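Chemist: Sharing a structure below in structure tokens format, with a few things to ask.
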Amino acid sequence: GVTRLLLTRIPFFKEIIVSSFACDSCSWSNTEIQSAGRIQEQGVRYTLTVTSRQDMNREVVKTDCATARIPELDFEIPAFTQKGVLTTIEGIIDRAVAGLEQDQPLRRATDEEVANKIEEFIGKLKQLKEGHSSFTFIIDDPSGNSFVENPHAPRRDDALVVTHYRRSPQQAAMLGLEGEELEEEAADSTEDLRNEVLQFNTNCPECNAPASTNMKLVQIPHFKEVIIMATNCDSCGHRTNEVKSGGAIEAQGTRITLQITDPSDMTRDVLKSETCSVEIPELEFELGMGALGGKFTTLEGLLKDIRELVERNPFTLGDSSAPGKAEKLREFVGKLQEVMEGKRRVRFIMDDPAGNSYLQNVYAPEEDPELRVERYERSFEQNEDLGLNDMKTEGYESGETGGR
């Protein structure tokens, strides 16, 4: 047969390799995709509640290192057992059914009891395709390169929960990433760190050319210390920055609401931490926790990043877009552009359960009439997302002593 390879670049997924095999003798054919880009900084987990037949048609990009699960059936497709595919929810179930049916004749000849149980399970999988009952579909990808379509983009999808997380050492080893050993070096004083710009070598996320990343500890007025990291590539001109909180998680969450009334509001400094979500109610837009990472920029810069994130959705561009979906996207981008130009008054809301986000008060130290900062007690689910429920800060010494 003949195998054809195509290196192509699509939005959101960077570069991918599409391979296609066809046999003229038996007419068998197969297509696969492999990621040719870099592994993302964080893993991603998509949790979709499938309630209708339309949900079965959602497009899915599943890499070979992703795990697919259906908890209701206690069913799991482990990592590296299937090649990467661009398909739908129904397509993943069909592929699983085909894999189970493949060895059924041999099982019936050797162990009929096991064959009957598998036949019963195949029946349950086929019933899910009919859409008579709802179920949960989960894709967990440590590489961060899988994707599940949001048909309501750019609006929030209530049935789809996207969670970004840090890879464990075991997941990093599975992906072939070398574990980084952090060496603790005692600094002469904290003041030296504030005045010093640290630099370390890395590779450009766009062209993979050698580049350098600068890191500096910065004190934000009327707020706290943060760590700013900036990367600049001399080869392709790519520039990016990321911010990490230099302090601990606050005792209460923070909800910041800004009423945008003037174009000058676009110049306000914004610190968006990794745990912060962004909402613009007038545009029916919500950006979940973990998306875009940590940012220290202006309000206009953050809105531009949001626009680029929405425009990069591969299922709203080209042949993949459904009728009317591209039009909705253009309408949303137009409204967002009006906000950046000061022609549309909206509320800009930042909700950070960790309390590590900041929006500049241009009247400081006086009150800002357009800015409202609320403190609130975190819910159990928010503490769970931040890893605080399992954190023991009192009496752990005595517990260790007792164990020894």
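The values are calculated or read from the model by the stated rules, or taken from the named source; none is laboratory data. None of these values were measured; they are calculated from a predicted model. Please note: Cβ atoms are built from the backbone with ideal geometry, for glycine as well, and neighbour counts cover all protein chains shown. The protein model used for the area step is the full one, side chains on, heavy atoms only, and it has no ligands, DNA or RNA in it. Shrake-Rupley method; radii C 1.70, N 1.55, O 1.52, S 1.80 Å.
Chemist: Out of the range 376-404, which residues are farther than 18 Å from Q252 by Cα, at pLDDT 65 or above and open to solvent by less than 100 Å² (accessible area, probe 1.4 Å)?
Modeler: Listed by number, the list holds a single entry, G395.
Chemist: Looking at (1) over 23 Å from G144 (Cβ atoms); (2) assigned by the TED database to the domain that holds V362, which is the only condition E274 fails?
Modeler: (1)
Chemist: Something else: Please find, among T202, T240, the residue that is at pLDDT 85 or above and under 18 Å from I39 (Cβ atoms).
Modeler: Step by step, each of T202, T240 is checked, and only T202 is at pLDDT 85 or above and under 18 Å from I39 (Cβ atoms).
Chemist: On to the next question. Within the range 55-153, considering only helices (runs of 4 or more DSSP H) that don't extend past its boundaries, which have at least 3 residues that are open to solvent by less than 70 Å² (accessible area, probe 1.4 Å)? Explain how you work it out, then say what you get.
Modeler: Values: elements: 89-101, 104-110, 112-130.
It comes to 89-101, 112-130.
Chemist: Ok, one more. When T231 is evaluated against the numbered criteria (1) open to solvent by 70 Å² or more (accessible area, probe 1.4 Å); (2) modelled with pLDDT of 85 or more; (3) not aliphatic (A, V, I, L, M), which criterion, by number, is the only one it fails?
Modeler: For T231, the failing item is (1).
Chemist: How about the range 157-196: which of its residues are within 19 Å of E274 (Cβ to Cβ), at pLDDT 70 or above and open to solvent by 100 Å² or more (accessible area, probe 1.4 Å)?
Modeler: Once the filter is applied, which keeps residues that are within 19 Å of E274 (Cβ to Cβ), at pLDDT 70 or above and open to solvent by 100 Å² or more (accessible area, probe 1.4 Å), the range 157-196 yields only R166.
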